[in-house]
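One structure is given here, and the rest of the page talks about it.
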Amino acid sequence: MKPYITLITLGVKDLQASLTFYREGLGWPADPQDDIVFIPLQNGVLLSLYGHDDLAKDAGVSAAGSGFAGFTLAHNVGSVAEVDAIFVTVGKLGANIVKQPKKADWGGYSGYFSDPDGYLWEVAHNPFWKLRDNGSAAI
């Protein structure tokens, strides 16, 4: 198996609210279908939004659950100012700012917010990474 991801699917409570958050709030292009939304990311990766209970049913697991899911999504940018600007934007959209951006122990700058369904997003500037033009990191 080659080490890459082609699709990340988030189970969401309200598909329309999530579509609005990502498309209008973050300015990401989104392709809503009947009951799923596809958002093209860099390098051919897709982020999809799908009903929470429908996703659990599709996976054959219980939709009941709470607490930390054990993962976060991350978006790396080229400067501290870009991190701060994103937090201003998502804050205006009503995102829950879980951790205000600040200098991190590892030498970068980052913070966390959660989207309307509680998925944790880290927005970071890592001065040790060189971001390629396509948004991917050279580590």
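The values are calculated or read from the model by the stated rules, or taken from the named source; none is laboratory data. Worth saying up front: this structure is predicted, and the values here are computed from it rather than measured. All Cβ positions, even for glycine, are placed from backbone atoms using ideal geometry, and neighbour counts span all protein chains on display.
Numbers at a glance
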item: The stretch 57-81: number of residues that are buried (at least 16 other Cβ atoms within 10 Å of the Cβ) and part of a helix (DSSP H, G or I); result: 1
item: Number of the exception - Thr72 against (1) touching a residue at least 24 places away in the same chain (Cβ under 8 Å); (2) within 15 Å of Leu26 (Cβ to Cβ); result: (2)
item: Those strands (runs of 3 or more DSSP E) lying entirely in the stretch 1-55 with at least 3 residues without any contact (Cβ under 8 Å) to a residue 40 or more places away in the chain; result: 36-40
item: Qualifying residue in the stretch 59-71 (condition: hydrophobic (A, V, I, L, M, F, W, C), under 27 Å from Asp133 (Cα atoms), out of contact with any Gly (no Cβ under 8 Å at 6 or more places or on another chain) and at pLDDT 90 or above); result: no
item: Matching residues in the stretch 82-93 - criterion: being surrounded by 11 or more Cβ atoms within 10 Å (Cβ to Cβ) and either out of contact with any helix residue (DSSP H, G or I) (no Cβ under 6 Å at 6 or more places or on another chain) or not in a loop (DSSP other than H, G, I, E, B) (or both); result: Glu82, Val83, Asp84, Ala85, Ile86, Phe87, Thr89, Val90, Gly91
item: Every residue from the stretch 100-117 that is outside any loop (DSSP other than H, G, I, E, B) and surrounded by 14 or more Cβ atoms within 10 Å (Cβ to Cβ); result: Pro101, Tyr109, Ser110, Gly111, Tyr112, Phe113, Ser114
item: Residue in the stretch 6-25 that is out of contact with any Lys or Arg (no Cβ under 8 Å at 6 or more places or on another chain), outside the structural domain of Lys92 (by TED's automatic domain parsing), at pLDDT below 90 and exposed (fewer than 15 other Cβ atoms within 10 Å of the Cβ) present; result: yes
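Yes or no, residue by residue, for (1) within 13 Å of the chain's Cα centre (by Cα); (2) under 15 Å from Asp115 (Cα atoms):
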| site | (1), (2) |
| --- | --- |
| Gly11 | yes, yes |
| Ala17 | no, yes |
| Arg23 | yes, yes |
| Phe71 | yes, yes |
| His75 | yes, yes |
| Glu82 | no, no |
| Ala85 | no, no |
